[in-house]
Amino acid sequence: METQTTVELVEKMLAGDPRALARLISQVERGDVEVPEIMQRIYPALGRAYCVGITGPPGAGKSTLTDKLTELARREGKTVGIIAVDPTSPFSGGALLGDRVRMQQHFLDAGVFIRSMATRGSHGGLPQTARGVIKLLDAAGRDLIFVETVGVGQTELDIVETADTVVVVLVPEAGDAVQTMKAGLMEIADIFVVNKADREGAERLQRELRLLVDMHAQRNGWRIPVLATEAPKGVGVEALYAAIAAHRQALQESGQLAARRRAHRRKELLDLLQHRLLAALVAQLEKDRVLLALVEQVQEGVLDPYSAAQQILKDREALWHSPNS
Ligand SMILES: Nc1nc2c(ncn2[C@@H]2O[C@H](COP(=O)(O)OP(=O)(O)O)[C@@H](O)[C@H]2O)c(=O)[nH]1
Ligand SMILES: [Mg+2]
């Protein structure tokens, strides 16, 4: 493979070359040293794409729904980027293979770019890597970006929170889980989808979710819709597509879209700083004999970690006196 400078790669990617895009995504996933330069160079091209997070338990039908939504977007002439983040089944997992097969109809369509992302090799943490890939797709001119994540762990929440609109997909079997996750679901969902509406218990789950939505105060005038779908047949998918568009419009009209994106950018900076500071500190710990001795004393149980941390941060008083310590 010929070697290309970062500048050349980014220029090709901005001009719409999918191979350059794929290579830059790999660089971001590996956490290559070029990543800061890549991010600097694409920065002026960001903010055009609309990002939709699709989250829910494994097997809920997220990929099937994404596939159908993509079909609708393509019919409108919109270009699509899809990121499937699946920390539970990196590379070898059946889920990713399944996604491939299901999405196959789009593989020949240059208007659809699909990437499965694994946790492996994401140096800056998965959320930060996902953010980087979303930005690349945005800079590459994708109109709509779907980010599919599994489950409701903190990592997945961090990823899905970077989206403009968050769709939570549930299935009748998840009825009990809804009870235990209520608060968390309400916090992230902009749209609820009860998929597998052909199964027993779908209506009950829909009723429960409606009740849940009604019990909570409206967020900036947006009433969370509770939709029913049968993804493989495409039943209800147009309504979902319309709900996403309606949410987007509501966000834009209320000024919330700008507010959300401001919050996301702040969070990204703080995450970046946290990661960098910790990495710098750990690197220093490994080189400095005095600091290393402190770590060993903590390991042996002869020095308490608070005293050790205080000494390690001695030259960084400001850090130590953070409000959380
Ligand atoms: N009966 C039924 N099966 C569905 C429905 N939606 C998806 N499935 C099936 O459920 C399985 C998992 O779907 P998938 O989209 O891979 O779920 P994901 O893990 O959330 O991405 C597949 O075999 C789908 O064909 C639905 O509405 N009804
Ligand atoms: Mg999937």
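At-a-glance table
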read-out	value
Residue match in the range 134-150 (condition: within 16 Å of ligand 2 (Cβ to nearest atom) and modelled with pLDDT under 90)	yes
Meets criteria (within 16 Å of ligand 1 (Cβ to nearest atom), at pLDDT below 95 and either polar (S, T, N, Q) or not assigned by TED's automatic domain parsing to the domain that holds Ala189 (or both)) for Ser63	yes
Residues being surrounded by fewer than 18 Cβ atoms within 10 Å (Cβ to Cβ) and closer than 14 Å to Val133 by Cα - total across the range 46-81	2
Residue count, the range 170-206 (criterion: away from ligand 1 (no atom under 16 Å from the Cβ) and either on the phi > 0 side of the Ramachandran plot or loosely packed, with under 12 Cβ neighbours inside 10 Å (or both))	4
Single unsatisfied condition, Leu69 versus (1) within 16 Å of ligand 2 (Cβ to nearest atom); (2) modelled with pLDDT under 95; (3) more than 17 Å from the chain's Cα centre (by Cα)	(2)
Helices (runs of 4 or more DSSP H) contained entirely in the range 120-232, each with at least 2 residues that are of a type in the set (A, V, I, L, M, F, W, C) and free of Cβ contacts under 8 Å to residues at least 24 places away in the same chain	202-215
Any hit, the range 220-234, residues being within 28 Å of Leu46 (Cα to Cα) and within 16 Å of ligand 1 (Cβ to nearest atom)	no
Inter-residue pairs, beta-carbon under 6 Å, first touching a residue at least 12 places away in the same chain (Cβ under 8 Å) and closer than 15 Å to Leu170 by Cβ and in the range 54-70, second of a type in the set (A, V, I, L, M) and near ligand 1 (Cβ under 6 Å from one of its atoms), 6+ apart	Gly61/Ala231; Thr64/Ala231; Leu65/Ala231
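The values are calculated or read from the model by the stated rules, or taken from the named source; none is laboratory data. A quick note: this is a predicted structure, and the numbers were derived from the prediction, not measured. We place every Cβ from the backbone using ideal geometry, glycine too, and count neighbours over all the protein chains shown.
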